[in-house]
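**Student:** My structure is below; once you've seen it, I'll send some questions.
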Amino acid sequence: MESVKDQAMLDDARRIVEEATQNGIHLKLLGAIAIRLNSSNHSDLFLRLSRLNAEHKFTDIDFAAYSKQRGQVMRLLQELGFAVNQHALMMHGNSRMIFENSQKGYAIDVFFDRLRFSHDVEFGRGPHEGRLALHPLTLPPADLVLEKLQIHEINEKDLKDLVLLFAANSIGSNDGESVINGKYIASILSNDWEFWHEAKLNLEKLQKSLAIYVDEKRVDPGIGTTIRSRLEELIKLIVEEPKSKEWQKRSKAGPQKRWWRDVEERSR
């Protein structure tokens, strides 16, 4: 079972999305809590993986929103008892806002229009052109996968998050409730060699880590087989997707040229 603090964060995360939706605000979860809620039918696997190897599995709550609704997001979170971190506002400007509540003991991180770290994961700029209406609670599973695949020097907690995502979601060509839209992922990567290369390396690391988790009996062999099959299905889609001229041009330099953006270290 989750710790008291972790359960309180999960409950708060759901409540904030519900409040936002009732007020016409597109505010959806990403990050670790989004993945935990997406994989709620695999609670036993989540606990066996022991995401942070500690009692508490979550450090903050991450949201995606549209910049066009920045003022509405800020007012909502302030009404719910969270204050804007002014230092973070100066650091990140319009792309990201951090909210704090000392009594709750965790922060809320809101990313507007895109996640911008080692590589970009785009949400869209408004309700009529973005991806935040595709799932009632979180970003679509495909975007949660991309969020993890973009990480340069991916760590174990991120690989465990990916194991959960592939256990809980099949591979398809749409953005269904429990479906990773493999065609969407392949299309994004087919236009960006640098992101494609990062994802390729991370998927290879995930396959190796999955084998270790099965050997350690953290992952049931049957679930491990399912995850392995889904990984292979996604990789096949990525390989077969026609690549853009920009992708082909960048591929000529290969990994001899740096393919990632340096970012500050933060909890994910």
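**Student:** Just name the residue that is modelled with the lowest pLDDT out of those in the range 116-147 that are surrounded by fewer than 22 Cβ atoms within 10 Å (Cβ to Cβ) and not in a loop (DSSP other than H, G, I, E, B).
**Tutor:** Here the answer is Arg116.
**Student:** Then there is this: Determine which single condition Ile61 fails, assuming it passes every other condition in (1) in contact with an Asp or Glu (Cβ under 8 Å, 6 or more places away or on another chain); (2) at pLDDT below 95; (3) of a type outside the set (Phe, Trp, Tyr); (4) open to solvent by less than 10 Å² (accessible area, probe 1.4 Å).
**Tutor:** (2) is the only condition that Ile61 fails.
**Student:** Being open to solvent by 20 Å² or more (accessible area, probe 1.4 Å), in contact with a Lys or Arg (Cβ under 6 Å, 6 or more places away or on another chain), over 18 Å from Trp259 (Cβ atoms) and among the charged types (D, E, K, R) is true for just one of Arg228, Arg218. Which residue is that? Spell out how you get there, then give the answer.
**Tutor:** Values: Arg228 fails: in contact with a Lys or Arg (Cβ under 6 Å, 6 or more places away or on another chain).
Among Arg228, Arg218, only Arg218 is open to solvent by 20 Å² or more (accessible area, probe 1.4 Å), in contact with a Lys or Arg (Cβ under 6 Å, 6 or more places away or on another chain), over 18 Å from Trp259 (Cβ atoms) and among the charged types (D, E, K, R).
**Student:** Contact list please: Cβ distance under 8 Å, first residue in the range 1-18 and free of Cβ contacts under 8 Å to residues at least 60 places away in the same chain, second residue open to solvent by 10 Å² or more (accessible area, probe 1.4 Å) and outside any helix (DSSP H, G or I), pairs at least six apart or on different chains.
**Tutor:** What qualifies is Glu2/Lys57; Ser3/Glu55; Ser3/His56; Ser3/Lys57; Asp6/His56; Asp6/Lys57; Gln7/Met1; Leu10/Glu2.
**Student:** Same structure again: For the range 196-215, does any single residue satisfy the condition of being open to solvent by less than 60 Å² (accessible area, probe 1.4 Å), among the acidic types (Asp, Glu) and in contact (Cβ under 8 Å) with a residue 40 or more places away in the chain? So that I can check it myself, show each step before the final result.
**Tutor:** From the range 196-215, those open to solvent by less than 60 Å² (accessible area, probe 1.4 Å) are 196-199, 201-203, 206, 209-211, 213-214; that's our starting set.
Right, trim to among the acidic types (Asp, Glu) and you get 198.
Adding the requirement that they be in contact (Cβ under 8 Å) with a residue 40 or more places away in the chain leaves 198.
Yes, because at least one residue in the range 196-215 is open to solvent by less than 60 Å² (accessible area, probe 1.4 Å), among the acidic types (Asp, Glu) and in contact (Cβ under 8 Å) with a residue 40 or more places away in the chain.
**Student:** Can you tell me which residues in the range 224-250 are hydrophobic (A, V, I, L, M, F, W, C) and touching a helix residue (DSSP H, G or I) at 6+ places or on another chain (Cβ under 8 Å)?
**Tutor:** Initially, the range 224-250 is screened for residues hydrophobic (A, V, I, L, M, F, W, C), giving 227, 231, 234-235, 237-239, 247.
The answer is Ile227, Leu231, Leu234, Ile235, Leu237, Ile238, Trp247.
**Student:** Do the conditions hold for Ser190, that is, is it out of contact with any strand residue (DSSP E or B) (no Cβ under 9 Å at 6 or more places or on another chain), over 22 Å from Leu137 (Cα atoms), surrounded by 18 or more Cβ atoms within 10 Å (Cβ to Cβ) and hydroxyl-bearing (Ser, Thr, Tyr)?
**Tutor:** Numbers: out of contact with any strand residue (DSSP E or B) (no Cβ under 9 Å at 6 or more places or on another chain): yes; over 22 Å from Leu137 (Cα atoms): yes; surrounded by 18 or more Cβ atoms within 10 Å (Cβ to Cβ): yes; hydroxyl-bearing (Ser, Thr, Tyr): yes.
Yes: the conditions hold for Ser190.
**Student:** Just to be sure, is Gly105 at pLDDT below 95, open to solvent by less than 10 Å² (accessible area, probe 1.4 Å) and within 25 Å of Phe82 (Cα to Cα)? Lay out the reasoning, then the answer.
**Tutor:** Working: at pLDDT below 95: yes; open to solvent by less than 10 Å² (accessible area, probe 1.4 Å): no; within 25 Å of Phe82 (Cα to Cα): yes.
Judged against the criteria, Gly105 is not a match.
**Student:** Looking only at the range 154-187, count every residue that is in contact (Cβ under 8 Å) with a residue 24 or more places away in the chain and over 18 Å from Leu49 (Cβ atoms) and tell me the total. Walk me through how you get there before you give the answer.
**Tutor:** From the range 154-187, those in contact (Cβ under 8 Å) with a residue 24 or more places away in the chain are 154, 156-171, 175, 177-187; that's our starting set.
Subsequent filtering for residues that are over 18 Å from Leu49 (Cβ atoms) retains 170-171, 175, 177-187.
Of the residues in that region, 14 qualify.
**Student:** Of the residues Gly176, Gly182, Gly172, which single one is at pLDDT below 95, closer than 17 Å to Leu139 by Cβ and out of contact with any His (no Cβ under 8 Å at 6 or more places or on another chain)? Give the derivation first.
**Tutor:** Working: Gly182 fails: at pLDDT below 95; Gly172 fails: at pLDDT below 95.
Only one candidate passes the filter, namely Gly176.
**Student:** Select from the range 148-180 the residues that are open to solvent by 10 Å² or more (accessible area, probe 1.4 Å), touching a strand residue (DSSP E or B) at 6+ places or on another chain (Cβ under 8 Å) and under 25 Å from Asp220 (Cα atoms) and list them in ascending order.
**Tutor:** Ser170, Ile171, Gly172, Ser178, Val179
This table checks each residue for (1) touching a His at 6+ places or on another chain (Cβ under 7 Å); (2) of a type in the set (Lys, Arg).
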position	(1), (2)
Arg218	no, yes
Pro221	no, no
Ala253	no, no
Trp260	yes, no
Val263	no, no
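**Student:** Let me ask something else. When you scan the range 66-91, how many residues do you find that are part of a helix (DSSP H, G or I) and either open to solvent by 40 Å² or more (accessible area, probe 1.4 Å) or more than 28 Å from Ala199 (Cβ to Cβ) (or both)? So that I can check it myself, show each step before the final result.
**Tutor:** If we filter the range 66-91 for residues that are part of a helix (DSSP H, G or I), which is where we start, we get 67-79, 86-91.
From what is left, the residues that are either open to solvent by 40 Å² or more (accessible area, probe 1.4 Å) or more than 28 Å from Ala199 (Cβ to Cβ) (or both) are 68-79, 86-91.
Adding up the residues that qualify gives 18.
**Student:** Here's another thing I want to ask about it. How many residues does the range 92-102 hold that are open to solvent by 90 Å² or more (accessible area, probe 1.4 Å) and in a helix (DSSP H, G or I)?
**Tutor:** 1
**Student:** Starting from residues that are at positive phi and outside any helix (DSSP H, G or I), keep the ones in the range 2-54 and report whichever is most open to solvent (accessible area, probe 1.4 Å). Before the answer, list the steps.
**Tutor:** Looking only at the range 2-54, we keep the residues that are at positive phi, and these are 24, 31, 50, 53.
Among the residues that remain, those that are also outside any helix (DSSP H, G or I) are: 24, 50, 53.
Details: Gly24: 46, Ser50: 28, Asn53: 101 Å².
My answer is Asn53.
**Student:** Which of the numbered conditions does Gly254 fail, given that it passes all the others? Conditions: (1) open to solvent by less than 20 Å² (accessible area, probe 1.4 Å); (2) at negative phi.
**Tutor:** (2)
The values are calculated or read from the model by the stated rules, or taken from the named source; none is laboratory data. These numbers were taken from a predicted model, which means no experiment stands behind them. As a convention, Cβ positions derive from the backbone with ideal geometry for all residues, glycine included, and neighbour counts pool all protein chains shown. Note: areas computed on protein heavy atoms with side chains; ligands, DNA, RNA excluded. Shrake-Rupley method; radii C 1.70, N 1.55, O 1.52, S 1.80 Å.
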